[in-house]
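The values are calculated or read from the model by the stated rules, or taken from the named source; none is laboratory data. As the structure is a computational prediction, the values presented were derived from the model and not from experiment. When we count neighbours, we look across all protein chains shown, and the Cβ atoms used for this are built from the backbone with ideal geometry, even at glycine.
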Amino acid sequence: MIPLLLMIIVPAAFLAAAAAFKSHPKELSVSSTFIGLILAVYFFLSVMTSGSIAQSYNYIPALNIGFSLNAGSTSMILLLMASIVLFVTAFAGNVNREKERTASLLLLLFQAGVSGLFLSGNFFVFFIFWDIGIIAPFFMINILGSANRRIASYKFILYEIFASALLLAGIILIYFYAPAHTLNIYSLSSLYAQMPLYIQETIFILFFIAFMINIPVFPLHTWLPDAHSEASTQGSMVLSGIVTKFGGFGMILIFATMPVARSFSYYIAILAAFSAFYAAFLTMRQSDLKRVVAHTTIVEMSIVLFAIATMTNIGQSGAVFGMLSHGLVVALMFLSVGAIEHIFHERKIDMLRGISKGAKFTAYAFLVGIFIMTGVPLTSGFIADVLIFIGGASAFGIYGIIPLFSLIILGAFMYLVINKSFFANRRATPAAATIGISQKMGYAVLLAAIFFFGILPFVALNLINSGGVV
């Protein structure tokens, strides 16, 4: 069996090489993410055929803390999605080819952080890679972003420092109150009941708020639109496609392993539904394409949280599938917006006309992205929505399908944007540049993955059903 540690060692080795040698930084990041994708596919198939993989290495024996890695159903689905997004981001995301060495170094650092986080077997490892996974996006905004990048990056990191502090406080409580001072994520489910109820509730609330920031959900969502509007295209792709899944993955873990979660689930479902509607209406007020796509992330991830809060197998399966789908489609849409800005030197909806005339591939990639986001059949978005709202109806009756209307509102607005800026060819905005073959290949890879999981959803669902969501 190939060690899971390779998922972390590979980007770390390429990061060292890219730091040591100034030439060919993009080639190094593409090679690392491609190898990471191959390894993710291998481990995905291994878990599918043989069940979860757990590997541990001695780290701090005196404190009973090992460097534990675990590949389960949710972790492998999210790691596979992240590997696809990282690969496309590496070879296609830097549309303007600016500061390639810095961008490649940050992407390699982020790849190591993502791999470690999704494969975490205990909360000690989870916390280390959570912070590593936040450092890279901060610099993607601060160094590679646009005019107001510094303010946006500081706002982002302040939210993340707060989230990390809450996460660390919860981990410390687990260590002191869990029998044998264990931090093993997957064995804690049988040990939480041995802790005092008020400690269980405190840990849950600390974790919930930390993960709520990263999903993000109202009212702790305000870092996301600013971060996306100022980040580079690569930064936006990994922020929305992958960083928001840090919070979603954490939510899956605490809802699946902490019995006390059930007493909070009804109220969290209400908060998630409100957040979805709030973000949908907020999206309609945006005039910048990048901020539009950023706000759609809040809608989609709020619905994912709603699915997790149903506490049903089908709803939580829908949440995992929803994160898989959203990670792929939002990366596609941010790549499209980056290409539009490169081609037309403009992102304002009111200033763009006839995008389909000057950028056919990009226009249709964005259009298909909207189809996926609004749940058109044969796409991964359709499967996710069906599972989520069946789970919602199972848990809350007719009220469980109310969040569906936030997607209808979002879809109606997005189709208006498409009609106004993409296919209204009268006085079309002239194209000032073209995109390369790498961007077109990026669209193709993401679309292929989206339709693969849309047409063959059982590939992911069988893995969830056989091993549970964790």
Is it the case, given these coordinates, that Leu410 is touching a Ser or Thr at 6+ places or on another chain (Cβ under 8 Å), of a type outside the set (S, T, N, Q) and at pLDDT 90 or above?
no
Turns out the helices (runs of 4 or more DSSP H) fully within the range 60-157 with at least 1 residues that are closer than 21 Å to Leu45 by Cβ are 73-92, 100-118
Say whether the condition of being of a type in the set (Val, Ile, Thr), more than 27 Å from Tyr186 (Cβ to Cβ), assigned to a helix (DSSP H, G or I) and at pLDDT 85 or above is met by at least one residue in the range 39-52.
no
Inspect all residues belonging to the range 94-111 and state whether any of them is modelled with pLDDT of 90 or more, under 15 Å from the mean Cα position of the chain (by Cα) and of a type outside the set (A, V, I, L, M).
yes
Subset tally (residues that are of a type in the set (Ser, Thr, Tyr) and under 12 Å from Met373 (Cα atoms)) for the range 383-405
0
From the list Glu201, Glu160, pick out the single residue that is farther than 20 Å from Ser68 by Cα and surrounded by fewer than 21 Cβ atoms within 10 Å (Cβ to Cβ).
Glu201
If you go through the range 244-262, how many residues are of a type in the set (S, T, N, Q) and touching a Phe, Trp or Tyr at 6+ places or on another chain (Cβ under 9 Å)?
1
Among the candidates Ser265, Ser336, Ser325, residue that is assigned to a helix (DSSP H, G or I), within 17 Å of the chain's Cα centre (by Cα) and modelled with pLDDT under 95
Ser325
For residues that are among the β-branched types (Val, Ile, Thr) and touching a residue at least 40 places away in the same chain (Cβ under 8 Å), scanning just the range 134-164, find the one that is nearest to Pro216 (Cα to Cα).
Ile134
Output the residue which, of all residues in the range 348-364 that are hydrophobic (A, V, I, L, M, F, W, C) and within 14 Å of Met414 (Cα to Cα), is farthest from the chain's Cα centre (by Cα).
Ile349
State yes or no: is Phe274 among the aromatic types (Phe, Trp, Tyr), free of Cβ contacts under 8 Å to residues at least 60 places away in the same chain and either within 21 Å of Phe138 (Cα to Cα) or in a helix (DSSP H, G or I) (or both)?
yes
Inside the range 113-124, can you point out the residues that are surrounded by 24 or more Cβ atoms within 10 Å (Cβ to Cβ) and not hydroxyl-bearing (Ser, Thr, Tyr)?
Gly113, Val114, Gly116, Leu117, Phe118, Leu119, Gly121, Asn122, Phe123
Of the residues in the range 133-156, those that are β-branched (Val, Ile, Thr) and crowded, with 19+ Cβ neighbours inside 10 Å come to Ile134, Ile141
Among Phe334, Phe306, Phe281, which is the only one that is surrounded by fewer than 21 Cβ atoms within 10 Å (Cβ to Cβ) and either touching a Lys or Arg at 6+ places or on another chain (Cβ under 8 Å) or of a type outside the set (Asp, Glu) (or both)?
Phe281
